[in-house]
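Worksheet: one structure, shown below.
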Amino acid sequence: MCGIVGVISKEFNVAPLIVSMLKKLEYRGYDSAGVALVQPGKVVVKKDRGVIDDIRERYNLTKMEGKVGLGHTRWATHGAPSHKNAHPHQDCRGEIAVVHNGIIENYVELKRELVIRGHLFKSETDTEVIPHLIEEKLAEGLDLKEAVKETVKKLKGSFAIAVVSSKFPHKIVAAKKGSPLVVGVSEEALFIASDIPAFLQQTNKVIFISEEEIVTLTGNKVEIETFNGQKVKRTIQTINWTYEMAQKSGYPHFMLKEIEEQPLAIKETLRSTNGELMEIVEEIVKNEGNLYFVASGTSYHATLAGKYIFAKVAGIPFETMQSSEFTEAIVPTLSPKSLVFAVSQSGETADTKVSLKKAKERGAKTIALTNVLGSSITRIADEVCYTYAGPEIGVAATKTFTSQITLLTYLALKSAEVLGLEVEEKFRKLKKLPQYLSKTLTTSNLAQRIAKEIKSHGDVYFIGRGVGYPVALEGALKLKEISYIHAEGTGAGEYKHGPLALISENTPVVAVVTPGPSQTKMVGNIEEVKARGAKVISIAPEGNKKIEEMSNFTFKINREVDEFLSPAPYIVPLQYLAYYTAVLRGLNPDKPRNLAKSVTVE
Ligand code: F6R
């Protein structure tokens, strides 16, 4: 999981731009970084372990000269974070530099062969085989593009790479197989990057690179061809995200900004449906009970909420499974009658991609729901829908979660409508969801107070029932991933089967009391933990006096919010709680340790 960038300009030194682009891709990984600039007769590389700001200072990166260059921000997969393992990597003579995102599965064999042929390796990475393979091809007399083309044919695994060479000083050649890659086009320069925010400040004109394609940037020309040498014509697309949308807009952290953008984000999600997506709805409705969601992490929690919502409003039975288990547990049972619906904000999660590919191999119909235009899963699935929540930079998913749930709710209601069920009133309420979410932003103050109470606890437990269950799981995930406090979400009904043993005097228990039939049972579950001394923090419909009396703190949610709409508004106080707890503990919620925004390795 890394970010790669490249810039080619006729006019100016590109190093400052490369550094600023890397900063914008830090959410893809941030354990090491580096820059390569093409200079007469050589490629100069500066890189190290650490975050980009420190490396920039240490090596004076922005003062490096050159009009063609590459950059890389790393999240280690092969080889621990270190100077030698940081990218760019080079050939034996230092004439070539390569940045890579992904994994080269056959690098051990390739490295062994290259070493036998006399190549000298400096790192423990899989990537380093690439510049050495290109070196051999250039020595055979191929030009840079042909050398890259011959090299990528030897690589197994997933990669997006960008390559420069001092022998071809006015070119960047990049290739994609399984990892994202996009070109930016402006009057002054051409850009290549793993993701659009890297160059959004410079241009919103983009060209998406597809699977197994090579792109050559020269002067102001962009040439694309397939690994098999077929020329590809691709139109330039204009992206409507402004640079400001991808920035913090005055908030201390992206996460807080993204929490508070949720009313707007889900408004966009609803607007984008245009009352349509009928191909997807028809696929769901005509399917005879072999419906599966597949997703990871927060997206998995969104599908779990989706499962309850489809069942409750349309009587449609979806199963859901985490992507990392899907290939073992579900794929062998799939047939052309099955429908597999993948949900991933990034569209790049390796486990989700693999599940979708394997589902296709079994003949299943496939649907992808994502926030990232042109992302990998959109190119695998038969049908695609987008959340249009805007870029999410904070590593912890917030607005993409609520927009995923919103889109799934819309699809559930549309399916119910096609089945002839009465849903007019529910659609009317769905339209009000942005308003309901706006109101939950007032829970911020109480969340700050409660964060002070829980910040020094070692364990926090979350319970919920029905649609409140996925909210409890998600609340726990948010807290653990950014505050590093042990947090566990469990179905409240399961408590007496074991977890109740963990509750003692002052243990914080967060109880998600969503509207609907589970409310009464939740009263019993809260009593159970209270009797063992738990400090109860509840989220409940406004006016539920019983819950308020039993709780030390209560987040009150508008009573108009119906059960089927509740997961999105009910998660907001828990996103705040996680955020403020992390901040009080002196942590940066945007960059939790050991985690990265898109998990592109299995
Ligand atoms: C948690 C979080 C992760 C992601 C998971 C899947 O806040 O963001 O758990 O939800 O890595 O990512 P996507 O949705 O991109 O497939």
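Glu602 meets the conditions (1) within 14 Å of the ligand (Cβ to nearest atom); (2) under 22 Å from Pro252 (Cα atoms); (3) surrounded by fewer than 24 Cβ atoms within 10 Å (Cβ to Cβ); (4) among the charged types (D, E, K, R) in every case but one. The failed one is (2).
Of the residues making up segment 296-354, those that are in a helix (DSSP H, G or I) and of a type in the set (S, T, N, Q) are Thr298, Ser299, Thr303, Ser323, Ser324, Thr327, Thr333, Thr352.
Would you pick out the residues in segment 435-482 that are in a strand (DSSP E or B) and open to solvent by less than 60 Å² (accessible area, probe 1.4 Å)? Val460, Tyr461, Phe462, Ile463, Gly464 - these are the residues of segment 435-482 that are in a strand (DSSP E or B) and open to solvent by less than 60 Å² (accessible area, probe 1.4 Å).
Would you check if there is a residue in segment 357-369 being near the ligand (Cβ under 10 Å from one of its atoms) and either farther than 22 Å from Thr409 by Cβ or of a type outside the set (Gly, Ala, Ser) (or both)? Looking for residues that are near the ligand (Cβ under 10 Å from one of its atoms) and either farther than 22 Å from Thr409 by Cβ or of a type outside the set (Gly, Ala, Ser) (or both), one finds at least one in segment 357-369, hence yes. Out of all the residues in segment 367-381, is one or more under 21 Å from Glu288 (Cα atoms), open to solvent by 10 Å² or more (accessible area, probe 1.4 Å) and touching a residue at least 24 places away in the same chain (Cβ under 8 Å)? Yes, that holds for at least one residue.
When residues in segment 382-417 are screened for being within 16 Å of the ligand (Cβ to nearest atom) and either open to solvent by 10 Å² or more (accessible area, probe 1.4 Å) or not in a helix (DSSP H, G or I) (or both), 15 of them pass. For segment 64-78, how many residues are open to solvent by 40 Å² or more (accessible area, probe 1.4 Å) and modelled with pLDDT of 95 or more? Number of matching residues: 2. Every listed requirement among (1) buried (at least 20 other Cβ atoms within 10 Å of the Cβ); (2) among the basic types (Lys, Arg); (3) within 29 Å of Pro434 (Cβ to Cβ) is met by Lys535 save one, (3). Would a scan of segment 435-445 turn up a residue that is farther than 18 Å from Ile259 by Cβ and either more than 25 Å from the chain's Cα centre (by Cα) or of a type in the set (Lys, Arg) (or both)? No, segment 435-445 contains no residue that is farther than 18 Å from Ile259 by Cβ and either more than 25 Å from the chain's Cα centre (by Cα) or of a type in the set (Lys, Arg) (or both).
Only one entry in Ala265, Ala295 is of a type in the set (Gly, Ala, Ser), under 16 Å from Gly390 (Cβ atoms), within 16 Å of the ligand (Cβ to nearest atom) and surrounded by 15 or more Cβ atoms within 10 Å (Cβ to Cβ), namely Ala265.
The values are calculated or read from the model by the stated rules, or taken from the named source; none is laboratory data. The structure displayed is predicted, hence computed values, not measured ones. As a convention, Cβ positions derive from the backbone with ideal geometry for all residues, glycine included, and neighbour counts pool all protein chains shown. Please note that ligands, DNA and RNA were not included when accessible areas were found on the heavy atoms of the full protein model with its side chains. Shrake-Rupley method; radii C 1.70, N 1.55, O 1.52, S 1.80 Å.
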